[in-house]
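Following: one structure in structure tokens, then a few remarks.
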Amino acid sequence: MTGWNLSKRWGLLLVLVIWGVSGLSQSPEGADPERLREQISLTEQMLQQADQASRRSLSSLNLLQTRLRLRQSLVQAMQAEIQRIAVETVEISEVICSLEEDIVRIQAQYALTVRMAYQALPEEDMWLLILSADNLTEAWSRAQYLRQFSRYRARQVRLIHDTRAYLARKQAELAQASREAAALLSGSGDEIARLEQDKSAAATAYQSLASQAETYRAELEAQKKALKKTLKDAAPAMVASAAAGGSELTTAFNQRKGRLPWPVSRQSAVVTGTFGKGSDAFGNTVTRDGIFLQTAPAQAVTVIHGGKVSGVQRIPLSGTLVIVSHGTYHTVYANLEEVQVSAGQSVSAGQLIGRVRTDPRTQETVLNFLIYQAPETFLDPQQWLEP
């Protein structure tokens, strides 16, 4: 019972630690700690490149805030794993306690069975019991009884052995869970310390760039209006493309939901702006029609699904925009340079259409990627792209 009490206290300690840092919001569903670490590492590489090039600007602020968000998600994911292990530790400890009681009970039953057997009939008299039968049928019945009794004792021995083996496995699982929890607790503490450093760095960068907030917001609104106007102007071409492609392209695109490739290398891009309502780098409330992917300069951009180019349009302050139609679905790739396609051209999945442009004013290299369904519905790209 001592081992049970220690294990139970260990599990409760883990729960208390989790409660102690529960001020953070809940971890995103399905957050992968390894993937988050990769994204944090990539963000830090981009920040180092910006520092080396003396480009500490709005780009750095976006990256710092993205790293802060990723680090917070990582801490939340680690805490969720600690909580899972805490629950598992208590459950395994309960099983161990039950198994220990079972072994004691089975051993007692076996000892009682053996004692009763030898008190009733010593081993040397067993053959005499069979041979003293009045007839062959009775001798057969006595032999069967003794055989069944022997099998029962053998089953008890096997049960004791199997229960002990299972107990040993559960004790090993408990030890492993305790080691994992200790490592996660240590790692979580380190990440929380880094999280505080990230908050400080982001706050410092924010203060140094706060004077640009209004200009930045105005430019974003102008870019958003220009993009929507471009989509409106391209509507006839998109409708014609959808009609020409028929329902096959629409069905094929729809069937790939959640499995479409990313327009830039997933290993070299960081999502700095998510779909829907959120905040910009200065805390202003914004509504994004797509996602923003920060990449290395001149990162290749490829088509995520086969279709036809409905439009190629230059947008002030946003580089070139390319629209690819896939039936009634359309993918939009904004802020490009070195565009490799033209309107009316058929393209296939993975085909190069251009490279991400670096804004000379903010030093940001960001692809604005949208998925649009006719007539006027913007969809969350991250629900369509592969995890």
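The values are calculated or read from the model by the stated rules, or taken from the named source; none is laboratory data. All values derive from a computational prediction rather than experimental measurement. Note that each Cβ is placed from the backbone with ideal geometry, even for glycine, and that neighbours are counted across all protein chains shown.
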* Asked: With respect to Ile304, is the statement that it is surrounded by 18 or more Cβ atoms within 10 Å (Cβ to Cβ) and within 26 Å of Thr43 (Cβ to Cβ) true?
  -> yes
* Within the range 162-174, is there a residue that is modelled with pLDDT of 75 or more and among the aromatic types (Phe, Trp, Tyr)? -> yes
* For the range 179-191, does any single residue satisfy the condition of being farther than 30 Å from Ile85 by Cβ, at pLDDT 70 or above and surrounded by fewer than 15 Cβ atoms within 10 Å (Cβ to Cβ)? -> no
* Asked: Out of the range 311-340, which residues are part of a loop (DSSP other than H, G, I, E, B) and not polar (S, T, N, Q)?
  -> Ile315, Pro316, Leu317, Gly319, Gly327, Glu338, Val339
* To do: Tell me, please, whether a residue that is within 30 Å of Ser178 (Cβ to Cβ), loosely packed, with under 13 Cβ neighbours inside 10 Å and modelled with pLDDT of 70 or more can be found in the range 104-126.
  => yes
* Could you identify the single residue in Ala242, Ala203, Ala226, Ala213 that is within 29 Å of Phe378 (Cβ to Cβ) and either at pLDDT 70 or above or polar (S, T, N, Q) (or both)? => Ala226
* What are the residue pairs meeting all of these: first residue in the range 183-210, first residue farther than 17 Å from Ser73 by Cα and assigned to a helix (DSSP H, G or I), second residue modelled with pLDDT of 75 or more and hydrophobic (A, V, I, L, M, F, W, C), Cβ atoms under 6 Å, and 6 or more apart or on different chains? -> Ala201/Leu64; Ala205/Leu64
* Taking the range 341-367, which residues are among the hydrophobic types (A, V, I, L, M, F, W, C) and not in a loop (DSSP other than H, G, I, E, B)? -> Val347, Leu352, Ile353, Val356, Val366, Leu367
* Val301 assigned to a loop (DSSP other than H, G, I, E, B), at pLDDT 85 or above and among the β-branched types (Val, Ile, Thr) -> no
